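Enquirer: This is the structure, below, for whatever I ask next.
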Amino acid sequence: VQLQASGGGLVQAGGSLRLSCAASGIIFRLMRMVWYRQAPGKERELVAVITNGGNSVYVDSVRGRFTISRDNAKNTVILQMNSLKPEDTAVYYCAAERDGRSYWGQGTQVTVSS
């Protein structure tokens, strides 16, 4: 199983980034896909979830600014991040979850400057 996250970088506050996570080795359409993030010195935080049925849930701090989507034909999950804030700075990880199992990607750094 491989999950390859990409799209991170350095952006000014108010800017946008689009994270992508490409999965292989799993039946992607059956998986719940999740974006997590971890800032230095802080615990890992769930950011957004999209179910295999396409329903999405967001942590309060990103709702209205971030959008999670999936393309089952391309085995890819996207996190579109708009109106970024310095507090969004973290390493972002994608995960595929089902039946108590989870698979993780390597993470991509997002840095938002003020």
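Enquirer: Of the heavy-atom accessible surface of region 1-105 (probe 1.4 angstrom), what whole percent is carbon and sulfur?
Expert: 45
Enquirer: Below 12 angstrom from the Cβ of GLY53, what's the summed charge of the other residues (Lys, Arg +1; Asp, Glu -1)?
Expert: Net charge in that neighbourhood comes out at +3.
Enquirer: Please name which of SER61, THR76, GLY14 has its Cα lying farthest along the dipole of region 1-90 towards the positive end, using unit charges on Cβ (Lys, Arg +1; Asp, Glu -1) and the Cα centre as origin.
Expert: Positive-most Cα among the choices belongs to THR76.
Enquirer: While we're looking at this one, here's another question. How much net charge surrounds GLY8 when only the other residues with a Cβ under 12 Å from the Cβ of GLY8 are counted, with Lys and Arg +1 and Asp and Glu -1?
Expert: My count for the surroundings of GLY8 gives +1.
Enquirer: With r defined as the distance between the Cβ atoms of ASN82 and SER102 and R0 fixed at 22 Å, what FRET efficiency is calculated, to the nearest 0.05?
Expert: Efficiency at R0 = 22 Å is approximately 0.20.
Enquirer: Kindly report, to the nearest 10 Å², the accessible surface of ARG18 as traced by a 1.4 Å probe over protein heavy atoms only.
Expert: Here the residue's solvent-accessible area equals roughly 140 Å².
Enquirer: Could you calculate the contour length gain from SER114 to VAL57, that is, 0.36 nm times the residue separation minus the distance between their Cα atoms, to one decimal place in nm?
Expert: Going from the current span to full extension adds 17.8 nm.
Enquirer: Expressed in nm to one decimal, what extension gain is obtained for the pair ASP71 and ARG18 from 0.36 nm per residue of sequence separation less their Cα-Cα distance?
Expert: 17.7 nm
Enquirer: Near THR76, within a Cβ-to-Cβ distance under 13 Å, what is the net charge of the other residues, with Lys and Arg +1 and Asp and Glu -1?
Expert: Result for the neighbourhood of THR76: +3.
Enquirer: Just the accessible area per residue of region 1-89, please: how many Å² with a 1.4 Å probe?
Expert: Here the residues of region 1-89 average 54 Å² of exposed surface.
Enquirer: Roughly how many debye, to the nearest 20, is the charge dipole of the chain about its Cα centre, given +1 on each Lys and Arg Cβ, -1 on each Asp and Glu Cβ, and no other charges?
Expert: 200
Enquirer: In addition: Using a Gaussian network model on the chain with a 10 Å cutoff between Cα atoms, which of ALA95, ALA73, ALA39 fluctuates the most?
Expert: ALA73
Enquirer: Same structure again: Compute log10 of I(q)/I(0) for the chain with the Debye formula, placing one identical point scatterer on every Cα and leaving out solvent, at q = 0.13, 0.16, 0.22 Å⁻¹, to two decimals.
Expert: Calculated log10 I(q)/I(0) at the listed q: -0.43, -0.66, -1.22.
Enquirer: Moving on to the next point. Does anything in region 5-29 have its amide N under 20 Å from the 7 Å Cα→Cβ label point of ALA39, and if so which residues?
Expert: Zone members listed by number: 8-19.
The values are calculated or read from the model by the stated rules, or taken from the named source; none is laboratory data. Owing to the predicted nature of the structure, the values given are computational and were not obtained by experimental measurement. When we count neighbours, we look across all protein chains shown, and the Cβ atoms used for this are built from the backbone with ideal geometry, even at glycine. For the accessible areas, the whole protein counts, side chains as well, though only heavy atoms, and no ligand, DNA or RNA atoms are used. Shrake-Rupley method; radii C 1.70, N 1.55, O 1.52, S 1.80 Å.
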